[in-house]
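**Student:** One structure, as structure tokens, below. Some questions next.
The values are calculated or read from the model by the stated rules, or taken from the named source; none is laboratory data. Because the structure is a prediction, the values reported are computed rather than measured. Here Cβ is always computed from backbone atoms with ideal geometry, including for glycine, and neighbour counts include all displayed protein chains. Protein only, heavy atoms only, side chains kept; ligands, DNA and RNA dropped before computing areas. Shrake-Rupley method; radii C 1.70, N 1.55, O 1.52, S 1.80 Å.
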Amino acid sequence: MILIFKLSELAIVDLNNYFRSLAMAGPCFIQAGIGIEFTCSTIIVGALASDKSKDVLPPLTDEQASWLGSFLFLFTPLGSALSSLMLNRFGHKTCMILINVPFLVSQIMLFYANSVGTLYVCSMLMGLSVGYSGGPTSAYIGEVCEPKLRGALMSVTNVFYYAGSFLFTLIYAFTLDWRLTVLIGMSIPIVNIVILFMTPQSPMWLLTKGKSLKAQRTLAKLRGWPSQETGSSKEFKEMIAFTSTAVHDNDDIEKDEKGATSSWGQLLRPEVYRPFRLLMVYFFYANLMSGVQYGPYLLQIFTDFGAPVNVEFTLAFSVLLSTIGGILTIFFISKFGKRFLTLSALLICSICYIMIGLIGVYWTNSKPLTAWLVLIFFLTTIFLASFGIMPIAWILLSEIFPMKSRNITCSAGTAFGYLMTFFMIKYYLDFSNFVNFYNTFTIFGISGLFGAVYFYFYLPETENKTLQDISAFFK
């Protein structure tokens, strides 16, 4: 009897571990898919940039390349708007399943594409998928994770983003066939849909729908607690209080003419617009220092640096560095905090950018040496941005907004962040032609120094803080 009891106890523990793993597997595979979607334009633009391309599609002009690289980000706000309208009604799980539909359709269309117009449409569909993903996944992770693990587990999902990009670029480096690479990448959304059908709903969302018993059981499985103890746990009581305030507190919630809760009214409250303003500034510098403006043109940029390297494998290596940086974030974020990592990474990246600009403009008489130096400095910024800036932007998105407005602010924050990226990518080539290629690095580096000063005064430390404590800080 004792043996049977022990075996059943172990089985329950294994089942709870399986349940917790499922809760994270869906968002992780979504991030891997986003990594692939972001990398698609880099590979296709690089593959079709040369007159020697054997593809049925003609070589892309600079104008076509800029549109192909940026269309994805132009349509992310539409995806974010759709998710904000659907998230409260259908919940995180259903919305995360829907993320994969336009992604899968776009990959099928890419494989058979025979015109530049089709490439544009695919980029738009991927933009819808990426934009739609921001609200459901960020809010879901923020709600199902324990406060002390939230930062680390959010960093895990960012590692999957980089891992998806790395595997995609590595496949292309070996095959040198972008269509075959896209075909292999289709497996990600298919696998993810299967995983998400088995993923639990968010306990907080269940509470807002009045399903307290189901929320209690779900939280028990996520935490590995006995179900009967969950109702008396401090975390569950805080969830009830938090969601009750979000749904029923008439003093804190704006009302529309019909007396229904207006989520948009929350954007005017200090505890919402202050973190939203901080997030927009953070997204700007995260994009700038991680080099998203260079993203679709990386193969050509590595060629322009002039180092004697294989540019396809250099691209894969740069994504590998990002993956390593994302992994290190998991281990260092709880020790050093988001504030220290942000400031240190931003300062070093800014200095590296300034060095690239100065070397490229003023030190031109030692080409082999300077080519290696600028490449090393650039790869350093890619590593550090993935270590201390970009992952933290998405962690902040999942935790700095109050519950009553989190769904809409997560979606709106994602939308504005990607809209920023659209303008940075679309007009990068025009800006580069206007100020000179290497001067762009100098200008971006100096801008990064101003960003470090801003974050020194306005970025709070949110690591190991409850969502309630973080919301209280911005009031």
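**Student:** Going by the alpha-carbon gyration tensor, a ≥ b ≥ c the square roots of its eigenvalues, is region 47-189 rounded (a/c under 1.5) or, if a/c is not under 1.5, prolate (a/b greater than b/c) versus oblate?
**Tutor:** Cα axes put region 47-189 in the prolate bin.
**Student:** For region 64-122, what class follows from the C-alpha gyration tensor (a ≥ b ≥ c being the square roots of its eigenvalues): rounded when a/c is under 1.5, otherwise prolate if a/b is larger than b/c, else oblate?
**Tutor:** oblate
**Student:** Multiply the residue separation of residue 184 and residue 376 by 0.36 nm, subtract the distance between their alpha-carbon atoms, and state the gained length in nm to one decimal.
**Tutor:** 66.0 nm
**Student:** Something else about it: Once you place label points 7 Å from the Cα toward the Cβ at residue 331 and residue 214, how far apart are they in nm?
**Tutor:** Rounded to a tenth, the inter-label distance reads 4.1 nm.
**Student:** Can you bin region 330-439 into rounded, prolate or oblate? Criterion: square roots of the alpha carbon gyration tensor eigenvalues sorted a ≥ b ≥ c, rounded for a/c under 1.5, prolate for a/b above b/c, oblate for the rest.
**Tutor:** Oblate.
**Student:** How far, in nm, would the chain grow between residue 313 and residue 450 when pulled straight, counting 0.36 nm per residue and subtracting the alpha carbon separation?
**Tutor:** Full extension from residue 313 to residue 450 adds 45.9 nm.
**Student:** What nm distance separates the two modelled labels at residue 116 and residue 89, each placed 7 Å from Cα along Cα→Cβ?
**Tutor:** About 3.9 nm, to one decimal.
**Student:** Give me the accessible area of residue 108, 1.4 Å probe, in Å² rounded to the nearest 10.
**Tutor:** 70
**Student:** Still on this structure: 7 Å from Cα along Cα→Cβ at both residue 458 and residue 176: what's the point-to-point distance in nm?
**Tutor:** Placing both labels 7 Å along Cα→Cβ, they lie 4.9 nm apart.
**Student:** Enter the per residue convex hull volume of region 387-432, computed from alpha-carbon coordinates, in Å³ rounded to the nearest integer.
**Tutor:** It is 71 Å³ per residue.
**Student:** Something else now. Along the positive direction of the dipole of region 323-439 (beta-carbon charges: Lys, Arg +1; Asp, Glu -1; about the Cα centre), which of 377, 334, 393 reaches farthest?
**Tutor:** Farthest towards the positive pole: 334.
**Student:** Can you put 214, 426, 475, 404 in order of accessible area, largest first, using a 1.4 Å probe?
**Tutor:** Solvent-accessible surface, decreasing: 475, 214, 404, 426.
**Student:** Moving to a separate point now. Which of the trypsin sites (Lys or Arg not before Pro) across region 53-136 are loop residues per DSSP, with 13 or fewer other Cβ within 10 Å?
**Tutor:** For trypsin sites (Lys or Arg not before Pro) across region 53-136 that sit outside H, G, I, E and B with at most 13 neighbouring Cβ atoms in 10 Å, the list reads 54.
**Student:** Please give the solvent-accessible surface of residue 342 in Å², to the nearest 10, using a probe radius of 1.4 Å with every protein chain present.
**Tutor:** 0
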